[in-house]
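The values are calculated or read from the model by the stated rules, or taken from the named source; none is laboratory data. Remember, it's a predicted structure, so these values are computed and weren't measured experimentally. Here the Cβ is made from the backbone with ideal geometry for all residues, glycine too, and neighbour counts use every protein chain on show.
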Amino acid sequence: KQSPKIMSSMAYNSASGLSGMLKSGHSHWDHAVIRNIEAAMELSTMIHTSLGPFGRHKLLVNHLEKIHVTSDCNTILRELEVEHPAAKLLKMAATMQDEECGDATNLVVSFAGELLRQTLDLMKMGLHTSEVIAGYQIASEKIQELLPTLVCKQVSVQTASDEELSQVLTPVLASKHYGSHEVLAPLILQACKVVMSPSYRVAPEAVRVVKLLGSSVSASTMIPGYVAQRGVESNVTSIEETCKVCVFACGIEASSTEAKGTVLMKTAQDLKGYNISEETKMEEMIQGIAESGVKVLVTGGVVSEMALHFIDRYKLMCLKIGSKWELRRLCQATGATALVRLGAPTPDEMGVATSVKVQQVGGKTLTVLKTPDSKLATLVLRASTSSVLQDLERAVDDGVHAFEQLCRDGRVVPGAGATEMALSLKLHQLADVSPGLDQYAIRAFAKALEIIPRTLADTAGFDATQKGG
Amino acid sequence: HRFNSIQHYQAISKMNPGGLGMRPGIILLREGTDTSQGKPQLISNINACQAVSDAVRTTLGPRGMDKLVFDGRNVTISNDGATIMKLLEIAHPAAKTLVDISLSQDAEVGDGTTSVVLLAGEILKQLKPFVEEGVHPQTIMRNVRSAGKLAVKKVQDLAVPFDMKSQEGNEMLLKCASTALNSKLIASHQDLFSPMIVTAVKALYDANALDDIMDLVAIKQVPGGDVRQSFLVQGVAFKKTFSYAGFEQMTKKFTNPKILLLNVELELKSEKENAEVRITDPDQYQSIVDAEWQVIYDKLDACVKSGANIVLSKLPIGDLATQYFADRGLFCAGRVEDGDLKRVAKATGGAVQTTTNGLYEGILGTCGLFEEKRMGEERFNVFTECPMALTSTLVLRGGSEQFIAESERSIHDALMVVKRCLQTQAVVAGGGAVELEVSTYLREHALTIEGKGQLIVGAYAKALEIVPRQLCDNAGFDSTDILSALRRKHTQDADGKWYGVDIANGSICDTFEEGVWEPSDNKCNSFAAATEAACVILSIDETIISPASQDPGAQATGMMGGGQAPMGNMMGEALDQVNAHKGGSRSGNLGNGVRYMKGRGGA
């Protein structure tokens, strides 16, 4: 009897080529590259419809069943849980872009996908991957060379007018949340100007966002300072003048020992005096704080009822902030140092606020701390659905990043695919004069660049081929 | 290079050992991830939204029906859109958008929560044919957005301003409150409630404290009695608290009393839990006992010495203290709810004290009149003629708990409507009049648009008609007849702009004349929100659902809320049915995205 193995090799099927001759399970290198490319392309096709102002949104339900409706590439990739190793590389590239620039992540993925698609054609033509890589490298070096020549405008943060600056911000915002860019651009501009350091630098994390459901985007506002999404504990709810702020990382309560302890009383006098002594101690402390000139107490922990009683008696304001992160932000805004033990702060440990006020917005209570020459700005965003709110938050983040980049390098190039088309044209010319096999890869690279204007037209509902021509 | 690729490939192909010739599917995303895209996906999202809006549509208007929602523990009977949407535990990712707008309408305006969902659902329904025919969703969205903007602007143009100061202003508010109550369970008692609501809100308006409405106006549910026994106290009222012996000997009526507010327990008990007394000499025993009594007597003494006539405490006031105060002609009440105590503090100008040491005149509150009143079977402590005349308390009576709960929601809505009215000081006519007028305007405007936009704006205009149509349907009228009469009135008659559905007679009437008024902000917000929601749904081109992680921590975060609500199931089935009919699904399992109608965490 012949073994089935030999049978199968005997039944050599010329149609399946080389693979027909080999043991089952074998894979051919060429095949592997192609499959990697296909995986990356699949991811990129999934993403590229979200490019640009008219990019379509994705509805994502992540593994915690949280819902996102977004066209932000970085968010989509983060929630997608990409498994394929080759596709993961694309995701990493996008993540790096986000960390570096905070924007244009979709461009990275779409363009990489298109490059791979072109590679596929080149491979079918018979080009070896190493030749393709060489060609792409030449093209990419050429682009770095060409880009500075395409700069259309030099915007300097120091001198530029608000119109000029918002002109740069608008396309960034429009591509994130079209329709609200007109509202957001001036707000982000204001916020960035508020937090700009004397050396004209902006730290993106200095612009905070508070999201409130209800009303519409146009009701969003910018507040120079800190906004807490809760009311105050004390009876005093509004201080309209410049006041000192003291931040405690610990709770405002009678300190208790960590180890279990029992208060031992020996005489009747001890018993009578016990509560009184606790009260006097708390009063002394609050009094001390009040006498140091502090008007607003902020705490990261609990406020005991006794403490609150004296806080009210000394007409202080008390705000509780649960998150350590938020507390640090507030310190940043007011310039206060967070104290870890109770007691009156020294003058340089105090922060300053120009006004502190509890407000009702959209059925939610907010405490607004306005600060002088603030190092922190808060955007209060409004929208009627939470998915829009999340989108707006990302748009603000991208906008602030764009501004930050503008601070570093004021050169701008035309958007909306114009730069890509110009580069593509130049690369085509380069390809025409390149000898050797490189020219095919360079040409493919040039062609791949066209994906940007093509997609923009596609997603907006126009005829892409017509616009491309 | 090459080697790596091969390894990668093998790693991947392990998952699908198809072998030679058979191309294993590329596994791009985590196993179990569901993706669906394109037109069918969009249509199925629209269907889900429609199913949700169908679920609440019958509650619209004065003749709307109520929903009974059973969530496994409690029964809620309501026709408040936001309440129903909240209780339905809708888990469909796209349909959740509708829950969002309903809640945002509730937070922002407080009323009109049903109509906003209805409107969003109808806009999507009218646009569905365009999606099916292959019009690019971006084209649709662009036009819907512009139509939405025009609609809001038109409402603002139509709004009739009124002067608060005049007598008419008051009438206006009454009518707005009545309109809001009209569609609720207590519609037949609006003559009783409307003036109460207006009085309560106006007190706040005069003091410029409208924002604190939720803190300052309390609604107390006291089951029993009759609805007509409900009453408003301009001041603070709360039910008599638990009392000890000696209570009945107290004086229960004071004029201009001084009120002491405490957060102190006035009872004989150990001072501190971790305190321990150790005595070496048995003779000291009595002195310790005496000292304990001394501590409480000192506290009581301090209260009396402060000059207060009334002592209220958040914590219990024991029988010793009750007797002590009764002997000295004081009134006391312990275990007063926190909110009530704070309201008393606000109204009387007092401050809540956590210790009885260092009491002084300044922390005492005062009011014109305090008395214990008997209403039906219940007794109330009532503080009136307070110096800060801001707070009011509405005491609701009624037969069943559900009835009172629904009454409270209705009153809340009406309060918010009156508040809105005072803030914007402009009204439009209800009864579907303003929707039809805007619809007529958009229809005319559509004719000036070239291209596809004309049809889309036209569809939006048609969608607005759902409000009067549904009003008729719910009341059992022939909606086609009435709607055509209304359309004629609005297009041909110059004075016909306020014509809406006449619910009483089953015909049409000038609703503005009839006094069916709503704050214009209400309508602006609901048009804007519905438009935004429709755009969000239309903008989705792909739904990707990752498999839920099995991490128990995820459940603790309470993403999906509780459990096996039968209504949830019903909704799920309804949605499934809708989808089965429309054939929107791409991959049979969960492609249409309609799943998880049941929360996970509950079991």
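The strands (runs of 3 or more DSSP E) falling completely within region A:201-273 that include 1 or more residues that are surrounded by 15 or more Cβ atoms within 10 Å (Cβ to Cβ) and aromatic (Phe, Trp, Tyr) map to A:221-228, A:243-248. Total residues in region A:156-200 satisfying the condition of being surrounded by fewer than 19 Cβ atoms within 10 Å (Cβ to Cβ) and under 14 Å from residue A:404 (Cβ atoms): the figure is 4. Among residues of region B:96-123 that are more than 9 Å from chain A (Cβ to nearest Cβ), those with a Cβ under 8 angstrom from a residue that is acidic (Asp, Glu) and surrounded by fewer than 24 Cβ atoms within 10 Å (Cβ to Cβ), sequence gap 6+ or separate chain, pair up as B:121/B:54. Any chance region B:266-280 includes a residue that's under 30 Å from residue B:388 (Cβ atoms), surrounded by 15 or more Cβ atoms within 10 Å (Cβ to Cβ) and touching a strand residue (DSSP E or B) at 6+ places or on another chain (Cβ under 8 Å)? So far as region B:266-280 goes, yes, one or more of its residues are under 30 Å from residue B:388 (Cβ atoms), surrounded by 15 or more Cβ atoms within 10 Å (Cβ to Cβ) and touching a strand residue (DSSP E or B) at 6+ places or on another chain (Cβ under 8 Å).
Beta carbons closer than 7 Å, at least 6 apart along the sequence or on distinct chains, pair a first residue in region B:136-165 that is among the hydroxyl-bearing types (Ser, Thr, Tyr) with a second that is not in a strand (DSSP E or B) for B:139/A:461; B:139/B:452. Among the residues of region B:209-230, is there at least one that is modelled with pLDDT under 85, over 24 Å from residue B:387 (Cβ atoms), of a type in the set (Val, Ile, Thr) and not in a helix (DSSP H, G or I)? The answer is yes; a qualifying residue exists. Conditions first: (1) in contact (Cβ under 8 Å) with a residue 24 or more places away in the chain; (2) crowded, with 17+ Cβ neighbours inside 10 Å; (3) within 14 Å of another protein chain (Cβ to nearest Cβ). Residue B:259 passes all but one, so which condition is the exception? Answer for residue B:259: the failing condition is (3).
Among the residues of region A:159-166, is there at least one that is farther than 30 Å from residue A:383 by Cα and at pLDDT below 80? Yes: region A:159-166 contains one or more residues that are farther than 30 Å from residue A:383 by Cα and at pLDDT below 80. Mind listing whichever residues of region A:50-81 are closer than 29 Å to residue A:129 by Cβ and surrounded by fewer than 22 Cβ atoms within 10 Å (Cβ to Cβ)? A:81 - this is the single residue of region A:50-81 that is closer than 29 Å to residue A:129 by Cβ and surrounded by fewer than 22 Cβ atoms within 10 Å (Cβ to Cβ). When residues in region B:47-84 are screened for being at pLDDT below 85, charged (D, E, K, R) and within 22 Å of residue B:530 (Cα to Cα), 1 of them pass.
The listed residues are A:398, A:391, and the only one of them that is touching a Gly at 6+ places or on another chain (Cβ under 7 Å), surrounded by 24 or more Cβ atoms within 10 Å (Cβ to Cβ) and either hydrophobic (A, V, I, L, M, F, W, C) or closer than 30 Å to residue A:200 by Cβ (or both) turns out to be A:398. Residue B:379 passes every criterion in (1) buried (at least 18 other Cβ atoms within 10 Å of the Cβ); (2) in a strand (DSSP E or B); (3) modelled with pLDDT under 85 apart from (1).
The rows are residues; the columns are (1) touching a Lys or Arg at 6+ places or on another chain (Cβ under 9 Å); (2) over 30 Å from residue B:164 (Cβ atoms); (3) in a helix (DSSP H, G or I); (4) not charged (D, E, K, R).
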| site | (1), (2), (3), (4) |
| --- | --- |
| B:409 | yes, no, yes, no |
| B:412 | no, no, yes, yes |
| B:415 | no, no, yes, yes |
| B:419 | no, no, yes, no |
| B:458 | yes, yes, yes, yes |
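Within region A:280-330, being farther than 16 Å from residue A:245 by Cα and among the hydroxyl-bearing types (Ser, Thr, Tyr) holds for A:280, A:304, A:323.
Contact map, region B:514-534: residues that are closer than 22 Å to residue B:174 by Cβ and within 10 Å of chain A (Cβ to nearest Cβ) paired with residues that are assigned to a helix (DSSP H, G or I) and at pLDDT below 85, Cβ distance under 8 Å, separation 6+ or inter-chain. Pairs shown: B:521/B:420; B:521/B:423; B:521/B:424.
For region A:60-78, residues that are outside any loop (DSSP other than H, G, I, E, B) and more than 7 Å from chain B (Cβ to nearest Cβ) total 8.
Looking at the structure I just gave you, is residue A:109 in contact with a strand residue (DSSP E or B) (Cβ under 7 Å, 6 or more places away or on another chain), touching a residue at least 60 places away in the same chain (Cβ under 8 Å) and crowded, with 21+ Cβ neighbours inside 10 Å? In short, no. Of all residues in region A:26-59, which are facing another protein chain (nearest Cβ under 7 Å) and of a type in the set (S, T, N, Q)? A:27, A:36, A:49, listed by residue number. Residue B:352 falls short on exactly one of the conditions (1) surrounded by fewer than 21 Cβ atoms within 10 Å (Cβ to Cβ); (2) within 13 Å of chain A (Cβ to nearest Cβ), and that condition is (1). Scanning region A:378-415 for residues that are part of a helix (DSSP H, G or I) and of a type in the set (A, V, I, L, M) turns up A:388, A:389, A:392, A:395, A:396, A:400, A:402, A:406. Against the numbered list (1) assigned to a loop (DSSP other than H, G, I, E, B); (2) closer than 28 Å to residue B:351 by Cβ, residue A:286 comes up short only at (1). When restricted to residues that are in contact with an Asp or Glu (Cβ under 7 Å, 6 or more places away or on another chain) and surrounded by fewer than 24 Cβ atoms within 10 Å (Cβ to Cβ), region B:424-464 contains 1. Does residue B:373 satisfy the condition of being outside any loop (DSSP other than H, G, I, E, B) and within 11 Å of another protein chain (Cβ to nearest Cβ)? Spelling it out, it is not the case that residue B:373 is outside any loop (DSSP other than H, G, I, E, B) and within 11 Å of another protein chain (Cβ to nearest Cβ).
Return the only residue of A:69, A:108 being touching a Cys at 6+ places or on another chain (Cβ under 9 Å), at pLDDT 80 or above and not acidic (Asp, Glu).
Exactly one residue qualifies, and that residue is A:108.
Just wondering, is there one or more residues in region B:89-99 that are in contact with a helix residue (DSSP H, G or I) (Cβ under 8 Å, 6 or more places away or on another chain), more than 27 Å from residue A:387 (Cα to Cα) and not in a loop (DSSP other than H, G, I, E, B)? Within region B:89-99, none of the residues are in contact with a helix residue (DSSP H, G or I) (Cβ under 8 Å, 6 or more places away or on another chain), more than 27 Å from residue A:387 (Cα to Cα) and not in a loop (DSSP other than H, G, I, E, B).
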